[in-house]
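Working notes for the structure below.
What follows draws every value from the coordinates through simple rules; no lab data is involved. Please read these numbers as outputs of a predicted model, since none were measured by experiment. For neighbour counting, all protein chains shown are included, and Cβ atoms are generated from backbone atoms with ideal geometry for every residue, glycine included.
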Amino acid sequence: MNKQYLVASLIAAFILGMSFNTKEYSIEESAFSEKEDKRLLLSDNPFDTMMAVIMHKRCMNCHPSGDQPKQGEDSHLHYFDVQRGEDGHGLAGYTCGSCHQDSNNDFSGVPGAPHWHLAPKSMAWEGLSKNEIARSILDTEKNGGRSVEDIVKHLTEDALVLWAFEPGVDAEGTPREKPPVSKDAFIEAVKAWAADGAKIPNQ
Amino acid sequence: MKITFSINGKQVSVDTNGEAPLLWVIRDTLNLKGTKFGCGKAACGACTIHVDGKAVRSCSFATKYAEGTEITTIEGLSSGGQKHPVKQAWEDEIVPQCGYCQPGFIMATAAMLTEIPNPTDQEIDDNIINICRCGTYYRMRKAIHRAADLKNQNS
C-alpha cells in the first residue's frame, strides 16, 4: 500500500513539474497573480524576481499615471482627493508630510518613510507591462538621468523604496501585504541583474 | 525619552514615549485642549497644528519628530495682541455649528494662506481637505476668502 502511494505521488509530482516546465510565462503580464508570485519565488531569474517586487502594490501605488496617489491592497485612489502637486510632495497647503512622517505610525496606521512622495510622472508605471516598466527604469530621459549604477543604488539603498519590505499596519491594525520576495532576495536580484548587463528579456 | 521643542513661543521639555502621538502630549501633558482628537487616523484633520509653519495632523505625528521644532496650536495662532485674520474671518462669517472640527480647519487655512495668499475656490477645495460633520463648508469657503482679504490688508 505504501509502495503504491509512493509511486502515485511520484507520478503526480512529475506531472506537476512537467506542467510548470512547459507552461509559457508571459513577460508582458502587467500584474502577477498569486500563483505566478509563487512561481517567481522559485525562479532563479533575477529579472523576474526584481520585477515581482517593483510591480507589487507597495511600489506601484506611488508610481501612478495620474495626479493622485493610490493606496491600500486594492490600489484605490488615495482618500480625500489627495493630489500630486507640482513636485510630487502634495499641494502647497497640504503636503504628503502633513500626515506621513519618516517612519510608520502604528497608532494612526499612516505609513511613513524618509522623503515620502510620489514618483514623478515620467516614472509612472501604472498600466505598463513588465518589460515596459523595465525600459522606463533604464531610460535616462524618464528616470532622472540615472545610470545603471544609480538605479541599483536607488533600488537597494533608498529608504523609501525599502519601506516596501517593512510597510507597517493600516488604520485597522492589519499588517500591509509585503512584496512576494524578501528584501535580501530583492537586493541580490537587482545586483545580479545589473551585473549581467541589465538586460530586458526578449529585447 | 526627553523631547524639547517650542510650543506657541514657549520652550518646553517633555519626558514621554517618543512614538506617542504629539496630540496626546499637547492635550494631556501640556493641557492645551484646543487641538481636538477626531478620528486618530490622520483622516479628519481635527488635530491639525503647525510644525515649523506647515500643517501637520498631530494624531499621526510621533512626538520624537517634534524635537527642536516650533509648534503652533490654535491657542498660539494669534500674536502681538491682534486676532489672527483667519480667526477674525471665522467670527465674521459665523462659521462654526457644533465647532468641534473648527480649530483644525482654522489651522489648515492659516497654513494654506501662507503658501497661497489668494486661493481660488478650486485651491480651497484641493488644499482644505478636513472633514466637518455639520457641513459648514459653504461658510468656511466665504471665511477663507475673507481671511485672505484681511491678511492682505494687514500686510
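Take each residue in B:33-44, count the other chain C-beta atoms within 10 Å of its C-beta, and the mean is 3.
With a 10 Å cut-off around each Cβ of A:87-96, the average count of Cβ atoms from other chains is 6.
Between the range B:95-155 and the range A:83-140, how many Å separate their Cα centres? About 27 Å separates the Cα centre of the range B:95-155 from the one of the range A:83-140.
Modelled label positions at B:Met1 and B:Cys39, each set 7 Å beyond Cα in the direction of Cβ, lie 2.8 nm from each other. Geometric descriptor of the range B:85-154, per residue, is 70 Å³ (volume of the convex hull of the Cα atoms). Highest-first packing order for the peptide set A:178-189, B:44-55 is B:44-55, A:178-189, based on the mean count of other beta carbon atoms within 10 Å. Once the C-beta distance of B:Cys134 and A:Glu73 is scaled by a Förster radius of 45 Å, the resulting FRET efficiency is 0.85 to the nearest 0.05. Residue by residue along B:53-62, Cβ atoms of other protein chains within 10 Å of the local Cβ number 6 on average. Legend: Rg and Dmax of the range A:149-203, from Cα coordinates, 13.9, 44 Å.
Radius of gyration over Kirkwood radius for the protein assembly as shown, both on Cα atoms: the Rg/Rh ratio is 1.09. Each residue of the range A:113-128 was assigned a 3J(HN,Hα) from its phi angle through the Karplus expression (A = 6.51, B = -1.76, C = 1.60, θ = phi - 60°), giving 6, x, 6, 4, 6, 7, 5, x, 4, 5, 9, 5, 10, 4, x, 8 Hz with x at Gly and Pro.
Across the options A:Tyr79, A:Leu160, A:Val190, the greatest Cα extent toward the positive end of the charge dipole of the range A:45-195 (unit charges at beta carbon of Lys, Arg, Asp, Glu) belongs to A:Val190.
Computed from label points 7 Å out along Cα-Cβ, the spacing between B:Ser13 and B:Thr120 is 5.1 nm.
When the charge dipole of the range B:1-95 is built from unit charges on Cβ atoms (+1 for Lys and Arg, -1 for Asp and Glu) and taken about the Cα centre, the candidate among B:Ser78, B:Ala89, B:Ala20 whose Cα reaches farthest toward its positive end is B:Ala20. Using alpha carbons only, the radius of gyration of the range A:45-195 set against its Kirkwood radius gives Rg/Rh = 0.95. Put simply, the range B:1-43 fits an ellipsoid with semi-axes of 18, 13, 8 Å; these come from the alpha carbon gyration tensor as the roots of five times its eigenvalues, largest first. Considering the range B:10-155, its Cα convex hull presents a mean projected area of 8.5 nm².
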